[in-house]
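Below: one structure, written as structure tokens.
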Amino acid sequence: MNEKEFEKLFKDLFFSKTENDLDITLKKYPQLDNPRNWKPLGNVEHNIGLIENQQSSPIAALIEKITNSIDAILMKKCYESKIDPKSTHAPKNMEEAISKFFNDFKNWDLSSFRKQQAEEIQIIADGPRMETSLIVYDNGEGQHPEKFEETFLSLLAGNKSEIHFVQGKYNMGGTGAIAFCGRKRYQLIGSKKYDNSGKFGFTLIRKHKRNEVEQKTRKDTWYEYLLIDGNIPAFTIAALDLGLHNRSFKTGTVLKLYSYDLPEGSRSVISRDLNQSINEFLFEPALPILTIDKPERYPKDINLQRDLYGLKRRLESEESKYIEDYFSIDDSFGEMGRVKITCYVFMTKIDQKSVKESKETIQREFFKNNMSVMFSLNGQTHGHYGSEFITRSLKMPLLKDYLLIHIDCTNMNPDYRNELFMASRDRLKGGLESRDLRNHLATILKKSKLEEIDKRRRASISIESSDTNETLKALSRNLPLKSELYKLLNQTFKLNQKKDTHDTKKKEKKPQKDSKDSFQPKRYPSYFKLSKKNDGNTEVAKIPIGGERIIAFSTDVENSYFDRIDDPGDLKIALLNLKPNDVRGGLKPGLPKEISEVLNIRKASPDDGTIKISMNPTENVSVGDAIQVKVEFGDKAQSFEEIFWVKICAPEEPKEKAPIKDDNELEDLGLPEVISVYKEKKENHPGWENCEEAGISMDEYTVVYPLVEGEQLVKIYINMDSHVLMTYKSNKKALSQDQIMLADNKYLSAVYFHVLFLYTISKQRKYAIQHLEGEETPKDVDLADYLSDLFKSYYSEFLLNFGMDDLLQTLGD
């Protein structure tokens, strides 16, 4: 075939919209039927396990293509700057590369500048709506045809392992998307070197179709790519019209993923739905990206091109209507090294929407892939936890639909990080490091600003309703202690472990000053002071071995100072001096130079004029050692510093457990408390609005909301103005006050005990609930949400109308 024929072949392949169209195209070229024109990908015939054992989702696999495009543009910029990417003159990390190669990168926060840069990486939809093919283009480094087999078509070559400012390392991530390309696994690659040298080369990757002999002799197949007469087909171009946005193809790389298996939630306009998913997986990408759909696919949609620049920027936008508060914690701990934890707390109500509508919007916009806790490296999400981390590990169920936590692992110890993430960069390993990190994160976040936010939301619904508990107390006292029912409840609620009730008197809370109203934050700080008295010689804190102490500072800067995108500040901590105790008489040869060698440091964002630093001794120090610390705070324009001493002291004595009193009341049994809720707030009873403030959807169709902390059902909120109860009472004509009270108690008891038993049995049997409606893959459903939804249907009506008197009588026997 000559160059003209190669050009026609490429265009016929590229403009085939689906894999079925491509099948028809391939039949037009008999020479493509020749097995000699196909070679195993990576020159490895047994490659199917390597290629199909990578990313577990089509979105995560697609992200690898985008990451490769970002790498390609950074490599191009490096070459254009006459720098060897592997030399010491090359950027040391991705952040440095952006600053070095893009003088205008700060302008990308402005829409027009961002969109112009985003055109350098484009993702374009093609084909019919329900069988979308994706085109991925970048104006990056590109490759000569003779280099394809060393780059695009290699496996585990490690081409980027010595280049520090790019994400890729193993040279395999880009192949993960092939497994989601329809049934035939077609992927087209075309590329031309950035300096306009050489020809435009292309090849087609596919899954080999076994012939009759191979079906009998081989268990598996393999992936292969197209060669013509032993070479990558190529032809000369000045420009190609490939339907790119605002440009022709001249140099760089273009891929086509035929009939890509997008998840159901990303099958509509890709500039909206796929855009949102990519934003999650690329939490803070180095470069902006453009997603483009076509008018022939969605003729009524007027916004078919949207740039994306990561979820972080969406969350931290000043005009964001979704975020109530966000803060960060810079943590350094032992072998883990340094991570930055950022928590984003969403509003319970946005615009004029109800809590339910607001929650659905938040889930659709920010949790499309069910990632509540994201772990990222260089802005790319490498693994995640679901909302169960918030309910089980943090035990903050009211925040489970309103909290997103981002863990930046870029500065983590590389050895620790390698044990944390799979090579596919889309999920965490289940090893020791992963378990330790989970426990460490839970410990930190329980003591963070989240504790205050969680308490504030609980306060709106934490109203005593002792009168409604009296009915249930009476019933619980009659539980036979040796019955199967008691044994079942004991397995979940540990009824034999009584709660501490030795102090029944409530402590009066002292009125606290509302410092938030008086605090006037500034964009840049005018002062930074240690909160404790400091003479420069006496230690300001004694830190116990195995414990920690918090050092507080006062300032007048705004809370987002460390986290804002434009002109962020920093807080640096250094070790100035270490005086060993007299007994030790000195340390080992070579005194520590870094603060991380003697103290694990954790610093939090400013919080209304206060900055807290937590210090925990490492194994390199002993009791009696004195450490001189320097804290530098500020930005490029101005900085402040504080120098002080801390001393290492003996471990603290463990606190004695409070005595246990034997009492057979409901709360002492370990059973969940019942809270009756009314439409309007009453004395000792929260109203629907109180629940809405806490993020609990409560309306006439809501019957119950079980509050679960970790694995423990702690409270059951029952709606006493629900439609089902009002209807039940209205059908019983001319009820007396006593009959109304009886009906309320019947409803309260029925709902309470059924929720209790259903929860107990489900946990004891280790059932997991999944939802399938509108989803191709099952979505895990929280047990509390399931029970709440169950009672919204006809279940509660059934309880009130069929045999409840007999059931209650049975409970009392």
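Taking a probe of 1.4 Å, how large is the accessible area per residue of the chain, in Å²?
49
Calculate, in nm to one decimal, what Ser320 and Glu797 gain on full extension: separation in residues at 0.36 nm each, minus their alpha carbon distance.
167.6 nm
Which value in deg cm²/dmol, rounded to the nearest 500, describes the helix-derived mean residue ellipticity at 222 nm for the chain, given -39,500 (n - 2.57) per DSSP H run of n ≥ 4 and division by the residue count?
The helix contribution divided over the chain gives -8000 deg cm²/dmol.
Taking the alpha carbon gyration tensor of the range 198-355, what are the square roots of 5 times its eigenvalues, largest first, to the nearest whole Å?
Gyration-tensor ellipsoid for the range 198-355: 41, 25, 20 Å.
With a 10 Å radius around each residue's Cβ, average the other Cβ atoms per peptide and rank 211-219, 705-713, 68-76, 737-745, highest first.
By packing density, highest mean first, the sequence is 68-76, 705-713, 737-745, 211-219.
Under the √(5λ) rule applied to the eigenvalues of the Cα gyration tensor, what semi-axes describe the equivalent ellipsoid of the chain? Give them in Å, descending.
Whole-Å semi-axes of the equivalent ellipsoid: 53, 39, 25.
Arranged from highest to lowest average of other beta-carbon atoms within 10 Å per residue, in what order do the peptides 597-603, 85-91 appear?
In descending order of packing, they fall as 597-603, 85-91.
Using R₀ = 41 Å, calculate the FRET efficiency as 1/(1 + (r/R₀)^6) where r is the Cβ-Cβ separation of Glu212 and Ser354; round to 0.05.
0.10
How much accessible surface does Lys356 have with a 1.4 Å probe, in Å² rounded to 10?
For Lys356, the solvent-accessible surface is approximately 100 Å².
Using heavy-atom solvent-accessible surface (probe 1.4 Å) with all chains present, what is the largest-first order of Leu758, Leu155, Leu445?
Of Leu758, Leu155, Leu445, the descending order of accessible area is Leu758, Leu155, Leu445.
Run the numbers for Asp241 and Val781: contour at 0.36 nm per residue of separation, minus the present Cα-Cα distance, in nm.
Fully extending the segment from Asp241 to Val781 adds 189.7 nm.
Please work out the Cα center distance from the range 357-375 to the range 49-102, rounded to the nearest Å.
That distance is 28 Å.
Which percentage, to the nearest 5, of the DSSP beta bridges contained in the range 353-419 is antiparallel?
55
How much of the pair distance distribution for the range 677-776 lies past 21 Å, counting alpha-carbon pairs only, in percent?
Of the Cα pairs, 46 percent sit more than 21 Å apart.
Between Asp195 and His771, how many nm apart are label points set 7 Å from Cα along the C-beta direction?
Inter-label distance under the simple model: 5.6 nm.
Keeping the other protein chains in place, figure out the carbon and sulfur percent of the accessible area of the chain, with a 1.4 Å probe.
In the chain, the share of accessible area belonging to carbon and sulfur is 48 percent.
What's the percent breakdown of Cα-Cα distances in the range 322-419 across 5 Å bins, shortest bin first?
In whole percents, the pair-distance histogram is 3, 13, 20, 23, 19, 11, 7, 3, 2, 0.
Quote to one decimal, in nm, the extra length available between Gln520 and Leu576 on full extension: 0.36 nm per residue of separation minus the C-alpha distance between them.
Using 0.36 nm per residue and subtracting the Cα-Cα distance, I get 16.8 nm.
In nm, to one decimal, how far is the Glu95 label point from the Glu365 one, both placed 7 Å along Cα→Cβ?
Here the answer is 2.8 nm between the modelled labels.
Hey, if we sort Trp688, Trp108 by accessible area with the 1.4 Å probe, largest down, what's the order?
Trp688, Trp108
Where does each of Met615, Met1 land when they are ordered by accessible area, with a 1.4 Å probe and the largest first?
Met1, Met615
Give the calculated FRET efficiency between Lys82 and Glu700 to the nearest 0.05, with a Förster radius of 56 Å applied to their Cβ-Cβ distance.
Once rounded, the FRET efficiency stands at 0.20.
The values are calculated or read from the model by the stated rules, or taken from the named source; none is laboratory data. What you see is a predicted model, and the numbers here were worked out from it, not measured in a lab. Cβ sites come from the backbone with ideal geometry, for glycine too, and all protein chains shown count toward neighbours. Side chains are part of the model used for accessible areas, which takes the heavy atoms of the whole protein and leaves out ligands, DNA and RNA. Shrake-Rupley method; radii C 1.70, N 1.55, O 1.52, S 1.80 Å.
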